[in-house]
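Note sheet for the following structure.
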Amino acid sequence: MGSVLIVGGGIVGVSVAYHLSRRDGVSVTLFEKGDTLGGETTGKSSLGLRQYGTDETQVRMKRYGKRLYNEFMADSSDMRYEPTEVIHVATTEAGRETIKRTQAGEHPMGSPSECVEGSELRDVLVVPEIREESIESALYRPNGGYFRSPESLVHAFADRAAAAGATIATGTAITDITVRDGQVEGAIADGERHTGTVVCAAGPWNNAVAAMAGVEIPVRQQRLHLLELEPPEPLTRTLPKIRHVETGVTFRGRPNGRVLVYHAEPAEDPYAAADVVDPNDTPGVSESIKCSMLESVETVMPVLSGAEVVHEDVAHTSRTPDGNPIIGWTERPGFTIAALHSRGIQYAPAIGDIVTRQLIDDDPTGYYADVSIGRFDGYADSHGAR
Ligand SMILES: Cc1cc2nc3c(=O)[nH]c(=O)nc-3n(C[C@H](O)[C@H](O)[C@H](O)COP(=O)(O)OP(=O)(O)OC[C@H]3O[C@@H](n4cnc5c(N)ncnc54)[C@H](O)[C@@H]3O)c2cc1C
């Protein structure tokens, strides 16, 4: 295979590095423009795993991820996982319909969820702080959880990759991709020319990096606003993950008693509602968005009114037209893409496996029909899907 150059040291890039470095005869170099790995979207993530999907591919990818994370944790890494429930709550009749549609769309390979009336919520869930009276109905998903720290997660992959011989270059941006006779030759980092196949795992910068190779991808970004709250009084437990379906505001407890809150505008078609954005151009969280996020949290959990906002941030999550990731060969030989429709913590392990099997074994993999860029009209990949 020769050399592979990976652009991006978020969860996706390090998983690709880990999987490739386990194969003989491959020289792997990962370039991360930031000074640390996982400092962008991955570092701001809620880091959650769930066992749901709208098709078999999604559930299978999540299962692959869980198995690998189990393996890492059994191997005495620093990773810590906290199980939790995930609850979607609706406070209107329209929200009740959204919840019914969400449950109806779940693939049967996922864990069973339960729809409950607001008045039944405390029969299935121990969170006394929830104001049951505000809630029309809820979707209760028992089988969730999250990792405590993005650093330990990213290093679980990166350290193993480095031990197997991969070079991990932080503080090093890819500034151009060199193409000769229609084929990628390599990339330029810090003015230096590197030769090899390029794997683009640049998160919200994927469009910009793909453009360096002359490749257009059907990926857009949605802005997410994040707040971290210090509750006025200690809560009775670490809060589960709660999503208010009408507003899209989602929150969950942190083991230190604080509450992470994030928000992306809910949309029937998230891709249509998103845009190609420059992630470097990031206005902060506006006062009006902050107020509406806090209002939504307080509707469900009045004890959080008066909570202090101790941190605020903005992130960008990627969106694809059909809600599945775009993984693998592109129309440009030598240029592979790993772009998401969010859920990167859950999908990154399987993405590393798919990219490795395509590049090393020339195996499209069983996921191909649902993840190849060639599934979209007007896009193709170098191995034939149109
Ligand atoms: C608030 C929030 C909650 C979330 N919750 C969940 C969840 O519960 N479960 C889940 O599965 N997913 C969740 N996600 C989504 C998940 O975090 C992302 O899908 C995932 O982190 C994306 O990883 P990535 O590696 O693609 O991107 P990133 O982590 O952004 O990594 C891309 C990296 O590429 C680097 N880069 C870009 N351009 C260049 C260049 N030219 N040269 C070198 N390096 C470059 C960047 O610096 C960056 O570090 C959440 C996201 C957010 C924001």
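Key figures
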| quantity | calculated |
| --- | --- |
| Residue selected from segment 284-321 under the condition within 16 Å of the ligand (Cβ to nearest atom), modelled with pLDDT under 95 and part of a loop (DSSP other than H, G, I, E, B), by the criterion least open to solvent (accessible area, probe 1.4 Å) | Val285 |
| Checking Pro83 against (1) within 13 Å of the ligand (Cβ to nearest atom); (2) touching a residue at least 60 places away in the same chain (Cβ under 8 Å); (3) under 21 Å from Arg141 (Cα atoms), the condition it does not meet | (1) |
| Criterion violated by Tyr262 - all others in (1) near the ligand (Cβ under 9 Å from one of its atoms); (2) open to solvent by 10 Å² or more (accessible area, probe 1.4 Å); (3) outside any strand (DSSP E or B) satisfied | (3) |
| Among (1) open to solvent by less than 30 Å² (accessible area, probe 1.4 Å); (2) free of Cβ contacts under 8 Å to residues at least 40 places away in the same chain, the one test that Arg193 misses | (1) |
| Selection count where residues are within 27 Å of Lys66 (Cβ to Cβ) and part of a loop (DSSP other than H, G, I, E, B), scope segment 110-135 | 7 |
| Matching residues in segment 159-202 - criterion: being part of a strand (DSSP E or B) and polar (S, T, N, Q) | Thr167, Thr170, Thr175, Thr178, Gln183, Thr195, Thr197 |
| Residues located in segment 137-158, provided they are in a loop (DSSP other than H, G, I, E, B) and of a type in the set (Ser, Thr, Tyr) | Ser149 |
| Segment 173-189 - residue that is more than 10 Å from the ligand (Cβ to nearest atom) and of a type outside the set (Val, Ile, Thr) and, of those, nearest to Pro333 (Cα to Cα) | Gln183 |
| Selection within segment 375-386 - modelled with pLDDT of 90 or more and farther than 13 Å from Pro321 by Cβ | Ala380, Asp381 |
| Scope segment 202-224; condition near the ligand (Cβ under 9 Å from one of its atoms) and under 20 Å from Val314 (Cα atoms); matching residues | Ala202, Gly203, Pro204, Trp205, Asn206, Ala208, Leu224 |
| Check on Leu68, at positive phi, surrounded by 18 or more Cβ atoms within 10 Å (Cβ to Cβ) and modelled with pLDDT of 95 or more | no |
| Pairs with Cβ under 7 Å, 6+ apart, first in segment 91-106 and within 15 Å of Arg243 (Cβ to Cβ) and part of a helix (DSSP H, G or I), second open to solvent by 50 Å² or more (accessible area, probe 1.4 Å) and not hydrophobic (A, V, I, L, M, F, W, C) | Gly95/Glu136; Gly95/Glu246; Arg96/Glu136 |
| Count of residues meeting criterion [more than 22 Å from Arg252 (Cβ to Cβ) and not small (Gly, Ala, Ser)] in segment 89-106 | 6 |
| Tally, over segment 6-30, of residues that are more than 16 Å from the ligand (Cβ to nearest atom) and part of a helix (DSSP H, G or I) | 1 |
| Subset of segment 337-364 [farther than 20 Å from Gln221 by Cβ and crowded, with 18+ Cβ neighbours inside 10 Å] | Pro349, Ala350, Gly352, Asp353, Ile354, Val355, Thr356, Arg357, Gln358, Leu359, Pro364 |
| From the options Leu153, Leu125, residue that is open to solvent by less than 60 Å² (accessible area, probe 1.4 Å) and under 30 Å from Leu5 (Cα atoms) | Leu153 |
| Some residue of segment 240-251 being under 25 Å from Leu37 (Cβ atoms) and surrounded by fewer than 21 Cβ atoms within 10 Å (Cβ to Cβ) | no |
| Some residue of segment 322-329 being more than 26 Å from Gly105 (Cα to Cα), more than 14 Å from the ligand (Cβ to nearest atom), surrounded by 23 or more Cβ atoms within 10 Å (Cβ to Cβ) and modelled with pLDDT of 95 or more | yes |
| Within segment 39-49, considering residues that are part of a loop (DSSP other than H, G, I, E, B) and surrounded by fewer than 20 Cβ atoms within 10 Å (Cβ to Cβ), the one nearest to the ligand (Cβ to nearest atom) | Ser46 |
| Residue in segment 221-236 that is most open to solvent (accessible area, probe 1.4 Å), counting only those that are under 23 Å from Pro325 (Cα atoms) and of a type outside the set (A, V, I, L, M) | Arg223 |
| Boolean, Ser76 is closer than 26 Å to Arg254 by Cα, outside the structural domain of Glu117 (by TED's automatic domain parsing), among the polar types (S, T, N, Q) and open to solvent by less than 10 Å² (accessible area, probe 1.4 Å) | no |
| From Thr36, Thr54, residue being assigned to a loop (DSSP other than H, G, I, E, B) and at pLDDT 95 or above | Thr36 |
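The values are calculated or read from the model by the stated rules, or taken from the named source; none is laboratory data. Note that this is a predicted model, so its numbers are computed, not measured. Positions of Cβ are generated from backbone atoms using ideal geometry, with glycine treated the same way; all protein chains shown enter the neighbour counts. Surface accessibility is based on the protein's heavy atoms, side chains included, excluding ligands, DNA and RNA. Shrake-Rupley method; radii C 1.70, N 1.55, O 1.52, S 1.80 Å.
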